[in-house]
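Single-structure report; data block below.
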Amino acid sequence: MINSEKDIDEILVQFQKRYRQKKILNLVISAAIIVMGISSVLFIYYFDGEGLLTFRWMTVDGTIFTTLMTIFFVAVNTTELIEDTELTLRSVYFARLSSAVAESLILIVVLISQLPVFPQHMHILRYDMMCMHILIPLLTILSFVYNDSPMPRLRFKDLMKGTWFISVYAVVILSLITSGVVTRQMIPYFFLDLEAMGPIMSAVVFLFIYGLGYLFSLGISTLNRKLYWNWFRNLKKR
């Protein structure tokens, strides 16, 4: 029971200590994401030897986007540590949410590709594949859920902001395919071959992908709202 101003001061000291611990841990996680992001992109670029066509894959572009966002968020976290304050910016929140949603889709795709029903499996144990498809997605989601300052319950249009990266990728890659820059033989995913899929199946696939994106956005933002405060539970007087 809090009986005096001294009790409150002691609890605030504990709160501040945990706050700094949370930020420092997130900086460590962010550093790991940045190192794996840069090294895995360089690895696949030189290992596959496809030149600029390496960047037709959503996994590669998503890793670059996540790495850039993580570098930016390291600066945000460092500022928060120095100034002992939380920078709650909606633009930062939704950019980070978009990164977490993209990484969730990447994680799900690679896990599905490992099912026995698929004749060909991704080389998941290869360094770049393990980083891009497993480690970076998991660390990105963990970092967002436990570290980012949560928003109130989001409306539908706000949750759809979690699909920002997916939308940008779709516009760019479809533009490159329809203009012939990326040939049919080099199309990264079968559902992007609109000529082979047909308009109806293409629409179904895209609705499915956006539906997954929405569900991931809802789930991740909800987890963030519920789990963020676990850092500060059971604060006690010294």
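Each reported figure results from applying straightforward, stated rules to the coordinates on display, with no laboratory input. The structure presented is a predicted model; accordingly, all values stated were derived computationally and were not measured. Neighbour counts are summed over all protein chains in view; Cβ atoms, including those assigned to glycine, are modelled from backbone coordinates with ideal geometry.
Remark: the Cα gyration tensor places segment 97-208 in the oblate category, a/c being 1.5 or greater and a/b not exceeding b/c.
How far, in nm, would the chain grow between VAL74 and ALA203 when pulled straight, counting 0.36 nm per residue and subtracting the alpha carbon separation?
Additional length available on full extension: 42.6 nm.
Annotation: for a label point projected 7 angstrom from Cα along Cα→Cβ of VAL168, residues of segment 42-73 with backbone N closer than 16 Å are 55-73. Mean-square fluctuations from a GNM of the chain, with a 10 angstrom spring cutoff on Cα atoms, peak among THR85, THR163, THR140 at THR85. Across segment 5-232, the mean sequence separation of Cα contacts (distance under 8 Å, 6 or more residues apart), normalised by length, yields a relative contact order of 28 percent. Of the DSSP H helices in the chain, those that are both long (alpha-carbon extent of 27 Å or more along the helix axis) and hydrophobic (Kyte-Doolittle mean at least 0.5) are 58-83, 90-113, 199-227.
Each peptide among 43-52, 20-29 gets the average number of other Cβ atoms lying within 10 Å of its residues, and from highest to lowest they stand as 20-29, 43-52. Each part gets one Cα centre, and for segment 1-80 versus segment 201-235 those centres are 18 Å apart. For semi-axes √(5λ) of the Cα gyration tensor in Å, which listed value, (1) 47, 14, 13; (2) 39, 19, 15; (3) 28, 26, 18, comes from the coordinates shown? This structure yields the entry labelled (2).
In terms of surrounding Cβ atoms within a 10 Å radius of their Cβ, TRP57, TRP231 rank from fewest to most as TRP231, TRP57.
A simple spin-label model places the labels of ARG20 and LYS157 4.2 nm from each other, with each point 7 Å out along Cα-to-Cβ. For segment 53-96, the residues whose amide N sits under 16 Å from a probe point set 7 Å from the Cα of ILE38 along the beta carbon direction are 63-75.
Shape class for segment 168-238: prolate, because the ratio a/c of the largest to smallest gyration tensor axis (alpha-carbon atoms, square roots of eigenvalues) is 1.5 or more and a/b beats b/c.
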